[in-house]
Amino acid sequence: MSKRPAPPTDLAVPSRAGARAEQLSLLGPGDIKPEVVAAVQLSLLGHPVPVRLPAELWHSWFATPAVVARFEAKRYIRRDEQCWPWLGAVSDTGHGSFRAASLPGASRRGTVPAHLFAYQLVHGVIPRLGWSGAEDPVVCHRCDSHGCVSPHHLRLGTAAENRSEWAYRHRDPAGPLADVRGPAGRTRAIARAVRIGMARGESTGLIDDRVRAAELDGLPLTLW
Ligand SMILES: [Zn+2]
């Protein structure tokens, strides 16, 4: 679930993306030809200012074992039906943040939403991901847990679908969207539970119990 993104304001791209990407930095959305658009995607960093990343950057990260290994080190993998908690940095929206690269320029460039990394790591780079905020695909959580980075719980949808699902499901008092800690508090609490269990060398079953307790901790009290 994501709020509707604001219009892109940062078209600058890192120098390592090459001269073609440098040209893109001078263009507005209406100036970009379709074949060029396919090489760029809009990535939301968990705040209202989207940053566009060249597709070739995503490709280069997925092709670099050290980058993928750093990602995997922050993802707690469980069974397919379970959420896979993100253990790294968390954005204000409760999504994981993964620093795929430290790039020059504006702060946080090279830091991407962990669930976008998780989805595209399996399915490949998605052209026009999050581009328009209307009809172009966005990555949605089936499980409503923003901190979940399981590819089994992620699907492509539109921003409109994502909003209507949120409007419908956030009223469920037993659902993740009702968490009184907010999505970021929920993500952090679950990650903390996993890290404590891992630090103590606990079994997966005990860590599952910790995660479940952390999830329930944030649900509003049911009076009767
Ligand atoms: Zn999940």
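The values are calculated or read from the model by the stated rules, or taken from the named source; none is laboratory data. Just so you know, these numbers come straight off a predicted model, no measurement behind them. Don't worry about glycine lacking a Cβ; one is built from the backbone with ideal geometry, like all the others, and counts go over all protein chains shown.
Flag set for Val122, criterion: within 16 Å of the ligand (Cβ to nearest atom), more than 25 Å from Ala213 (Cβ to Cβ), in contact with a helix residue (DSSP H, G or I) (Cβ under 6 Å, 6 or more places away or on another chain) and modelled with pLDDT of 95 or more. Residues in region 133-144 that are crowded, with 17+ Cβ neighbours inside 10 Å and not hydrophobic (A, V, I, L, M, F, W, C) were compared, and the one that is nearest to the chain's Cα centre (by Cα) is His141.
Taking the criterion of being within 18 Å of Ala66 (Cα to Cα), of a type outside the set (A, V, I, L, M, F, W, C) and modelled with pLDDT under 95, the residues of region 77-112 that qualify are Ser97, Arg99, Ser102, Gly110, Thr111.
The selection criterion, being within 16 Å of the ligand (Cβ to nearest atom), touching a residue at least 12 places away in the same chain (Cβ under 8 Å) and not in a helix (DSSP H, G or I), does not hold for Val112.
What residue, of Gly147, Gly157, Gly218, Gly182, is within 18 Å of Asp80 (Cβ to Cβ), among the small types (Gly, Ala, Ser) and either surrounded by 15 or more Cβ atoms within 10 Å (Cβ to Cβ) or away from the ligand (no atom under 16 Å from the Cβ) (or both)?
Of Gly147, Gly157, Gly218, Gly182, the one residue that is within 18 Å of Asp80 (Cβ to Cβ), among the small types (Gly, Ala, Ser) and either surrounded by 15 or more Cβ atoms within 10 Å (Cβ to Cβ) or away from the ligand (no atom under 16 Å from the Cβ) (or both) is Gly147.
Would you say Ala100 is under 21 Å from Gly218 (Cα atoms), under 14 Å from the mean Cα position of the chain (by Cα) and more than 13 Å from the ligand (Cβ to nearest atom)? It is false that Ala100 is under 21 Å from Gly218 (Cα atoms), under 14 Å from the mean Cα position of the chain (by Cα) and more than 13 Å from the ligand (Cβ to nearest atom). Note on region 160-179: among residues that are in contact (Cβ under 8 Å) with a residue 40 or more places away in the chain and aliphatic (A, V, I, L, M), the one that is surrounded by the most Cβ atoms within 10 Å (Cβ to Cβ) is Leu177. Would you confirm, using the coordinates I've provided, whether Ala100 is crowded, with 21+ Cβ neighbours inside 10 Å, without any contact (Cβ under 8 Å) to a residue 60 or more places away in the chain, in contact with a helix residue (DSSP H, G or I) (Cβ under 8 Å, 6 or more places away or on another chain) and of a type in the set (Gly, Ala, Ser)? Criteria met by Ala100.
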